[in-house]
Amino acid sequence: MRPILPLLSLLVALPVLAAPGPRQTQIRPGELWEDANGNHINAHGGGLLLHEGRVWWFGEHKVPGTAGNQAWVGVHCYSSPADDLVNWRDEGIALRVSDDPKSYIAKGCILERPKVVYNAKTGKFVMWFHLELKGQGYAAARYGVAVADRVEGPYTFLRSGRVNPGVWAQNIPAEKRTLADAPAAKRLSSSAFPEGMDKAAIYYRDFAGGQMARDMTIFVDDDGVAYHIYASEDNGTLQIAELDDTYTRHTGRYARLFEGRFMEAPALFKKDGKYWFIGSGCTGWAPNAARSAVADSIWGPWTELGNPARGENAGKTHFSQSTYVLPVPAKPGRFIFCADRWNPKNQIDSRYIWLPIEWEDGKPVLNWKDAWSPADL
Ligand code: GAL
């Protein structure tokens, strides 16, 4: 009898171990979102990429506790069939932070808001992210770039820096392209300019060394040109910088957007030939009222459309902060707002707030839904 019992229990246990989690049919914003293995999805501040029939979700892998505010693992990747978007398969760690303390992406750095795009010319997948060097808080304000041959990685770190050092933004007028009478910059202690300070002062301060790059997204236009949109100038002003045809470098063509509006968490999408923007205000991990805007040209002028959130918790964007807008595959004109409900004391438990973008008087709006299905869009 003896050998049979363990064998029996193994047989009973096996199907349980191998069984995938139950197929989910609805997205439940704010609730635990399990991947196919039954683990809460760990891809915060994420970005999504449609590639060969699947959508690939890249985000910050968080560890428990306040340590989750730094990067100890890297960028986690998941994928779902393009017509599903509720059930996600764990594809592992796409970009690992380094054990080498001298690396730009040493364990304990801050690596946020990764976004991956595919470059048809080089056949490579290119990941951009916001990088803060280990032990320096948020002072470094740099971008990072990594590349891979396969969508799920492994990604190899390429480079990190500030944006376009020594190059004038195209919307700085010719007569102001001089440091000789640059306005004096004071250190900003809050998300506001001190009385009398010129709103371009931080821009001039950083001109020689390169522009700060914090919260960010990458947007690829219909013509294949890619853009890096990032919170710059001590978060006071967003900037948009064109990428070269390998998507791994800035071309030097860039502009300042929403001067002095302290916007973060930028997300861009295109509909009916117009460019649409959703972002947040600047209150750290705490949610605030989202912002939205529209433009005929990606370079602007951008017209602000106000807070797109509707309903009871609109003032806090349903307790979330934007990270990406996903065009629904095979459903032109349909978009999903993807956002984070941060838990800075235990970031691994931060939740995802995904809501369909609806339209009201020609403006994008975000109504709360307890549960909804992408298949119904
Ligand atoms: C948020 C930003 C997050 C993170 C956080 C740190 O405003 O969107 O990505 O940087 O601040 O406080």
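The values are calculated or read from the model by the stated rules, or taken from the named source; none is laboratory data. Predicted model, so just to flag it, every value in this text is computed and none were measured. In this analysis, Cβ positions are derived from the backbone assuming ideal geometry, glycine residues included, and neighbour counts consider all displayed protein chains. Surface areas here come from the heavy atoms of the whole protein model, side chains and all, with no ligands, DNA or RNA. Shrake-Rupley method; radii C 1.70, N 1.55, O 1.52, S 1.80 Å.
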So Ser280, is it within 12 Å of the ligand (Cβ to nearest atom), surrounded by 20 or more Cβ atoms within 10 Å (Cβ to Cβ) and among the hydroxyl-bearing types (Ser, Thr, Tyr): yes
Check on Phe319, within 16 Å of the ligand (Cβ to nearest atom) and open to solvent by 50 Å² or more (accessible area, probe 1.4 Å): yes
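Yes or no, residue by residue, for (1) open to solvent by less than 30 Å² (accessible area, probe 1.4 Å); (2) more than 16 Å from the ligand (Cβ to nearest atom); (3) among the β-branched types (Val, Ile, Thr); (4) under 15 Å from Cys338 (Cα atoms):
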| position | (1), (2), (3), (4) |
| --- | --- |
| Arg28 | no, yes, no, yes |
| Ile41 | yes, yes, yes, yes |
| Ala106 | yes, yes, no, no |
| Pro114 | yes, no, no, yes |
Matching option when the condition is part of a strand (DSSP E or B), basic (Lys, Arg) and on the phi < 0 side of the Ramachandran plot, among Arg256, Arg214, Arg187: Arg256
Strands (runs of 3 or more DSSP E) lying entirely in the range 332-376 (those with 1 or more residues that are open to solvent by 10 Å² or more (accessible area, probe 1.4 Å) and more than 16 Å from the ligand (Cβ to nearest atom)): 335-341, 358-360, 363-365
Considering residues of the range 212-239 that are more than 13 Å from the ligand (Cβ to nearest atom) and of a type in the set (D, E, K, R) only, the residue nearest to the chain's Cα centre (by Cα): Asp221
All positions within the range 240-262 that are surrounded by 23 or more Cβ atoms within 10 Å (Cβ to Cβ) and within 16 Å of the ligand (Cβ to nearest atom): Phe262
Matching residues in the range 283-301 - criterion: being closer than 24 Å to Val328 by Cα, open to solvent by 40 Å² or more (accessible area, probe 1.4 Å) and either modelled with pLDDT under 95 or within 15 Å of the ligand (Cβ to nearest atom) (or both): Arg291
Condition check for Ile93: at pLDDT 95 or above, of a type in the set (Val, Ile, Thr) and surrounded by fewer than 21 Cβ atoms within 10 Å (Cβ to Cβ): yes
Hey, Glu259 modelled with pLDDT of 95 or more, out of contact with any Lys or Arg (no Cβ under 7 Å at 6 or more places or on another chain) and over 22 Å from Ala43 (Cα atoms) or not: no
Residue that is farthest from the ligand (Cβ to nearest atom) [pool: residues in the range 136-166 that are open to solvent by 50 Å² or more (accessible area, probe 1.4 Å) and part of a loop (DSSP other than H, G, I, E, B)]: Asp149
